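Please treat every number below as a calculation from the coordinates, not as lab data. It should be emphasised that the depicted structure is a prediction, and the values quoted were computed from it without experimental measurement. Counting neighbours? That spans all protein chains shown, and the Cβs are built from the backbone with ideal geometry, glycine included.
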């Protein structure tokens with residue numbers, strides 16, 4: 001079998017399709033070239049390796065993938081060993097807010113300790129980031145920890161952030177209780193997607209209080225929640241980040257009794273010296289935020 005064809009098939013199988021494989025290849029290659037060369041592999045073997053839409057590996061494809069996986073998935077670790085046993089790169093996953101406001105300072109400190117360090121960043125929701133970690137597409141994730149981590153994933157809690165309601169500064173609402181006492185809350189609820197931990201915890205607590213209020217606008221980030229509130233589109237659910245006041249046109253109302261958002265680090269496998277240094281820096285920054 002052509003080894004290059006096997007490599008292309010490995011990326012297709014690992015990432016669930018040809019388009020995704022092209023996005024994740026470590027070198028540039030066009031989708032038609034991948035399609036053609038994987039088709040050549042199938043023709044040579046006389047079998048169909050996967051169904052295209054929806055993507056599903058066939059039994060021969062699954063057998064071949066399991067055979068080649070240990071080699072191709074282990075190339076990066078072998079590279080590290082040959083370079084002296086010390087990792088030269090970190091692949092980090094986090095939310096947009098964390099990547100923008102907190103990772104730059106942390107990475108500057110890391111580069112002081114590891115001058116040759118290279119880093120790649122991926123953004124996403126907690127579920128997406130955990131999936132990237134399980135697929136070995138990132139080494140470490142800084143995110144909301146919404147539940148007990150999946151077996152095989154290590155976790156470190158960095159900080160707990162209280163939930164708040166965001167209202168326009170001109171709003172007559174001065175406490176959440178004013179809303180809870182209404183027969184019906186007419187204001188639009190702006191929050192993260194329904195599957196996000198913050199939203200689930202908020203709605204669960206509302207149910208316990210016998211309050212009905214359903215999301216009217218789902219935003220992809222806490223920043224967008226704040227932006228929509230500032231534009232007068234409704235009332236938002238967010239977290240109180242230390243030393244980060246709300247936007248000029250927004251007030252934050254505490255939500256006592258509501259479960260906090262837990263921010264932490266997730267990783268798999270053994271804790272390398274590089275990862276230990278990253279965890280220590282993350283903990284230090286979290287303590288600075290609270291001081």
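Using the beta-carbon distance between residue 2 and residue 155 and R0 = 45 Å, what value does 1/(1 + (r/R0)^6) give for FRET efficiency, to the nearest 0.05?
The calculated FRET efficiency here is 0.60.
Between the stretch 164-214 and the stretch 65-143, what's the alpha-carbon centroid distance in Å?
Taking the Cα centre of the stretch 65-143 as reference, the centre of the stretch 164-214 is 37 Å away.
Considering only 197, 46, 264, give the residue with the highest GNM mean-square fluctuation for the chain, with springs between Cα atoms whenever their separation is below 10 Å.
Comparing 197, 46, 264 in a Gaussian network model of the chain, the most mobile one is 46.
Output the 0 to 90 degree angle, nearest 10, between the alpha-carbon long axis of helix 197-208 and the longest principal axis computed from the alpha carbons of the chain.
Here the helix axis deviates by roughly 40 degrees.
Tell me, 72, 278 in order of fewest to most beta-carbon neighbours within 10 Å?
72, 278
Relative to the longest principal axis of the chain, what angle (0 to 90°, nearest 10) does the C-alpha long axis of helix 3-15 take?
Between the helix axis and the principal axis of the chain, the angle is about 20 degrees.
For 210, 187, 101, 139, what ranking results if the residue with the fewest other Cβ atoms within 10 Å of its Cβ goes first?
Working: 210 7, 187 16, 101 13, 139 23.
Going from least to most buried by this count: 210, 101, 187, 139.
Please give the helix 273-290 orientation as an angle from the longest Cα principal axis of the chain, in degrees from 0 to 90, rounded to the nearest 10.
Long axis of 273-290 versus the principal axis of the chain: about 10 degrees.
Gaussian network model of the chain, Cα springs within a sub-10 Å range: biggest mean-square fluctuation belongs to which of 107, 78, 90?
Result for the chain, Cα springs under 10 Å: 78 fluctuates most.
State the antiparallel share, in %, of DSSP beta bridges confined to the chain, rounding to the nearest 5.
Of the beta bridges lying entirely in the chain, close to 65 percent run antiparallel.
With springs only between Cα atoms under 10 Å, which of 251, 182, 268 fluctuates most in a Gaussian network model of the chain?
In the Gaussian network model the winner is 182.
Note down the nm distance, to one decimal, between modelled labels 7 Å out along Cα→Cβ at residue 247 and at residue 177.
3.0 nm
If you take volume of the Cα convex hull per residue in Å³ from the coordinates, which of [x] 268; [y] 134; [z] 169 do you get?
[z]
Could you work out how far the C-alpha centroid of the stretch 250-286 sits from that of the stretch 1-38, in angstrom?
35 Å
What do you get when you divide the Cα radius of gyration of the stretch 3-73 by 2.2 N^0.38 Å, with N the number of residues? Walk me through the intermediate numbers first.
Working: Rg = 10.9 Å, N = 71, 2.2 N^0.38 = 11.1 Å.
Rounded to two decimals, the normalised Rg is 0.98.
Starting with the fewest neighbours, write out 62, 43 ranked by other beta-carbon atoms found within 10 Å of each beta-carbon. Walk me through the intermediate numbers first.
Working: 62 14, 43 9.
Ordered from fewest to most neighbouring Cβ atoms within 10 Å, 62, 43 come out as 43, 62.
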